[in-house]
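First comes the structure, then the notes that go with it.
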Amino acid sequence: MREERSLHDITGNNNKLKVAVLIATYNWPEALELVLLSLLQQTRMPDEILIADDGSKSETSELIDRYRTRFTIPLKHAWQEDNGFRKCLILNKAVKLSDADYIIEIDGDIIVNPKFVADHERMARKGSFMQGSRTMLTEVKTREILQTKQINFHSLSQGLYSRFNAIRIPLLSMFFKPDPRSSWNVKGCNLAFWREDYITVNGYYNDFEGWGWEDYEFGARLINAGILKRRLKMAAISYHIFHKIHDRGNFLPNELIYRKTVEEKLTYCPSGYHEV
């Protein structure tokens with residue numbers, strides 16, 4: 001197992017860490033705009049933004065081009081043809097564009113708190129990856145913010161589910177310690193990892209098609225490789241914009257891939273980062 005040390009222990013200075021925010025998106029530029037607006041508010045701006053676009057139409061690329069002029073950091077856009085749900089493949093293509101040390105992954109419907117990047121950077125530790133949490137927005141609140149673009153939330157804001165996850169008290173984060181060897185409930189909507197660890201396990205598994213289990217399987221390979229899971233609660237707050245449930249037609253075949261990784265303690269996938 002890798003020794004878990006803070007970045008400060010390694011470099012003596014957390015400011016040397018190069019951080020990327022990785023955003024997965026598909027044909028919802030209205031939501032992606034809210035995500036980008038929340039990133040513009042960061043107290044610690046990431047060093048680059050990676051947009052993993054699974055075949056969106058031209059409206060998304062036009063939005064990204066408009067926002068490039070508003071950011072002082074690179075917005076790197078990886079796009080592939082729309083041929084069904086191929087999120088893993090486009091995530092790998094987007095990470096290929098990066099030279100960051102540390103990657104914070106969110107979805108294109110995740111609005112983040114102004115301290116989001118700073119909280120993740122502060123909690124980064126070698127030998128581990130970080131699972132954050134999210135607060136859910138109601139359908140009514142979602143319709144409102146898509147119209148008004150007002151995205152300044154707090155734990156008492158109206159229109160929130162799972163309100164506890166909107167409470168930010170970073171000093172209490174240390175008290176949340178899940179099983180570090182469990183890949184259960186790993187979610188890419190608020191997930192942070194070292195790029196070198198991502199490459200070591202060959203990133204996401206490209207053979208996943210359709211929604212479901214790709215995050216769990218990626219987390220399982222990290223854990224099998226000795227990169228343990230940590231939990232970030234009451235910090236790095238994120239808000240999930242309401243949407244209808246994805247098609248789960250490939251749910252069972254994807255689960256079988258995950259179960260094989262767990263049972264055989266696999267640390268590497270045959271088609272991933274290196275194959276794109």
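Could you tell me whether region 98-106 includes any residue that is crowded, with 19+ Cβ neighbours inside 10 Å, at pLDDT 95 or above, touching a helix residue (DSSP H, G or I) at 6+ places or on another chain (Cβ under 8 Å) and part of a loop (DSSP other than H, G, I, E, B)? Within region 98-106, one or more residues are crowded, with 19+ Cβ neighbours inside 10 Å, at pLDDT 95 or above, touching a helix residue (DSSP H, G or I) at 6+ places or on another chain (Cβ under 8 Å) and part of a loop (DSSP other than H, G, I, E, B).
Name the helices (runs of 4 or more DSSP H) wholly inside region 1-93 in which the number of residues that are modelled with pLDDT of 95 or more, closer than 21 Å to THR148 by Cα and not β-branched (Val, Ile, Thr) is 3 or more. Outline the logic, then answer.
Working: elements: 7-11, 29-40, 58-68.
Correct list: 29-40, 58-68.
For region 196-208, the criterion of being closer than 19 Å to PRO178 by Cβ and not aromatic (Phe, Trp, Tyr) is met by at least one residue. Among residues of region 252-270 that are closer than 14 Å to VAL186 by Cβ, those with a beta-carbon under 7 Å from a residue that is in a helix (DSSP H, G or I) and of a type outside the set (D, E, K, R) at least six positions away or on a different chain give the pairs TYR258/TYR216; TYR258/ALA220; THR261/ALA220; VAL262/ALA220.
Return a yes/no flag: does region 121-128 have any residue that is among the hydroxyl-bearing types (Ser, Thr, Tyr), outside any strand (DSSP E or B) and in contact with a strand residue (DSSP E or B) (Cβ under 8 Å, 6 or more places away or on another chain).
Within region 121-128, the subset among the hydroxyl-bearing types (Ser, Thr, Tyr) is 128.
Subset that is outside any strand (DSSP E or B): none.
Checked against the condition, which is being among the hydroxyl-bearing types (Ser, Thr, Tyr), outside any strand (DSSP E or B) and in contact with a strand residue (DSSP E or B) (Cβ under 8 Å, 6 or more places away or on another chain), region 121-128 yields no hits at all.
For region 264-276, a tally of residues being charged (D, E, K, R) and assigned to a helix (DSSP H, G or I) returns 1. Quick check: anything in region 90-101 over 11 Å from ILE51 (Cβ atoms) and more than 19 Å from the chain's Cα centre (by Cα)? Checked against the condition, which is being over 11 Å from ILE51 (Cβ atoms) and more than 19 Å from the chain's Cα centre (by Cα), region 90-101 yields no hits at all.
Just one of (1) touching a strand residue (DSSP E or B) at 6+ places or on another chain (Cβ under 8 Å); (2) without any contact (Cβ under 8 Å) to a residue 60 or more places away in the chain fails for ARG195. It is (2). Among the conditions (1) of a type in the set (A, V, I, L, M); (2) closer than 19 Å to ARG44 by Cα; (3) under 14 Å from the mean Cα position of the chain (by Cα), ALA118 misses just one, which is (3). Beta carbons closer than 8 Å, at least 6 apart along the sequence or on distinct chains, pair a first residue in region 126-153 that is in contact (Cβ under 8 Å) with a residue 12 or more places away in the chain and under 16 Å from LEU191 (Cβ atoms) with a second that is among the acidic types (Asp, Glu) and in a helix (DSSP H, G or I) for PHE129/ASP197.
The values are calculated or read from the model by the stated rules, or taken from the named source; none is laboratory data. As the structure is a prediction and not an experimental result, all values here were calculated from the model. Glycine also receives a Cβ, built like all others from the backbone with ideal geometry; neighbour counts cover every protein chain displayed.
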